[in-house]
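**Q** Below are the structure tokens for one structure; questions will follow.
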Amino acid sequence: MKKCVFCGGNVEKAMVTFTYKDDDKYLFVEHVSADICTRCSEKMYSPKVADELLEFAKNKFKPVKTIKVPVFDFTVHQ
Ligand SMILES: [Zn+2]
């Protein structure tokens, strides 16, 4: 049984949405198979999947859809 590298909790296989951020660039990759920690919810990807996810970050593929994401500023809110 695999253990979480962060907290030692049990991990289980799940389909997750990978989120990537680099400065002002964001992207989501849906339906990625990952191990997710049942204790701390940390997502862990196999080296092969992690490599493939980097290809998405390099704009190698055409997105299937584009979504609008609202952005808030907490300091303006206060
Ligand atoms: Zn954990």
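The values are calculated or read from the model by the stated rules, or taken from the named source; none is laboratory data. Being a predicted model, the structure only gives us computed values, none of them experimental. We place every Cβ from the backbone using ideal geometry, glycine too, and count neighbours over all the protein chains shown. In case anyone asks, the SASA skips ligands and DNA or RNA and just uses the protein heavy atoms, side chains included. Shrake-Rupley method; radii C 1.70, N 1.55, O 1.52, S 1.80 Å.
**Q** Any idea of the accessible area per residue across the chain, 1.4 Å probe, to the nearest Å²?
**A** Each residue of the chain exposes 87 Å² on average to a 1.4 Å probe.
**Q** Relative contact order for the chain: what is it in percent, counting Cα pairs under 8 Å that are at least 6 residues apart?
**A** 22
**Q** Please report how many Lys pairs in the chain have alpha carbons closer than 12 angstrom, counting only residues at least 8 apart along the chain or sitting on separate chains.
**A** Eligible lysine pairs with Cα atoms under 12 Å apart amount to 6.
**Q** Please report, as a whole percent, how much of the solvent-accessible surface of the range 11-77 comes from carbon and sulfur atoms (probe radius 1.4 Å).
**A** Percent of accessible area from carbon and sulfur atoms in the range 11-77: 57.
**Q** Can I ask one more? Which of the listed residues, Asn10, Ile36, Asn59, is farthest toward the dipole's positive end in the range 6-69, when Lys, Arg count +1 and Asp, Glu count -1 at the beta-carbon?
**A** Highest projection toward the positive end goes to Asn59.
**Q** Could you list which residues have their amide H under 5 Å from that of Arg39, counting only those 5 or more apart in sequence or on another chain, with H placed in the peptide plane?
**A** Asn10
**Q** Report P(r) for the range 11-77: all Cα-Cα distances, bin width 10 Å, range 0 to the bin holding the largest distance, values in whole percent.
**A** All Cα pairs considered, the percentages come to 17, 43, 29, 11, 0.
**Q** With charges set only on the Cβ (+1 for Lys and Arg, -1 for Asp and Glu), what does the dipole of the chain come to about its Cα centre, in debye to the nearest 20?
**A** In total the dipole reaches around 220 debye.
**Q** Now a separate question. Go through Leu27, Leu54 and list them by solvent-accessible area, largest first, probe radius 1.4 Å.
**A** Order by accessible area, largest first: Leu54, Leu27.
**Q** With r as the distance between the Cβ atoms of Asp22 and Val76 and R0 = 35 Å, compute the FRET efficiency 1/(1 + (r/R0)^6) and round to 0.05.
**A** 0.90
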